[in-house]
Each structure stands twice: as C-alpha cells, then as structure tokens.
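Working notes, structure below.
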Amino acid sequence: MNLEGQPNWRTRRPDGKLPAPPHDATGHTWEHSDAILFSVVKNGMAHHAGAKYQSDMPAFKGKLTDAEIWAAIAYIKSKWPERIQKKRQTDPSKK
C-alpha cells in the first residue's frame, strides 16, 4: 500500500465531494493529531466537519475494532518520512 489517495484530491468532483487525500507526506493526514485520526476513522468525517460535509469516507465504528483502527493509523504513520515523524514527536498537539 503506497497511501497515494485519489487523483486531484484538492479539487471537488462534480458531486461536490473532495477525493481522498494521500496519507503519505504529500497530503495533510500527518498534520492531524492521533486522536483526530482515530475519531475520523471510527466516526467518519461528518462527526468533525458537520453533517453537510460530503465525503466518501465512511465511519468504521462497528466494522473495525479500536485496536484495528489504531493498527491502521500506526501503519500509515510508519510510512511517513523521518522528518515528519520527528516533527510530530516534538509537537504536543499531534499526540
């Protein structure tokens, strides 16, 4: 898995939804705290962005255990370059 996301992820599609961003260093996933990442995966984007926010990102509550969600996040984080991992380790808002 190379975490590339969907093409043109910064441009809304005709249906109004934003494509999935890459989860590697070229995206913005690494800018969010572990707690936010966990909640987005578990509860979906609407939980954070409001019910009107349109996204293909489903909530995985009831489909994945908390341990499985944390394992997915750990995998994604393990693929980030060392510079990003160090930056996150020194930024208390990312924990």
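None of the figures in this text is laboratory data; all of them are computed from the coordinates on show. Since the structure is predicted, the reported quantities are computational estimates derived from the model, not experimental observations. In this analysis, Cβ positions are derived from the backbone assuming ideal geometry, glycine residues included, and neighbour counts consider all displayed protein chains.
Condition test on ALA74, is it over 23 Å from ARG10 (Cβ atoms), hydrophobic (A, V, I, L, M, F, W, C), in a helix (DSSP H, G or I) and free of Cβ contacts under 8 Å to residues at least 24 places away in the same chain? Answer is yes for this residue. Residues of segment 25-71 that are basic (Lys, Arg), more than 24 Å from ARG10 (Cα to Cα) and exposed (fewer than 12 other Cβ atoms within 10 Å of the Cβ): LYS63 alone. Only a single item in (1) part of a loop (DSSP other than H, G, I, E, B); (2) surrounded by fewer than 12 Cβ atoms within 10 Å (Cβ to Cβ) is not met by GLN89, and it is number (1).
Here segment 25-42 is the region considered, the condition is being of a type in the set (Val, Ile, Thr) and closer than 17 Å to ILE69 by Cβ, and the residue that is nearest to the chain's Cα centre (by Cα) is THR29.
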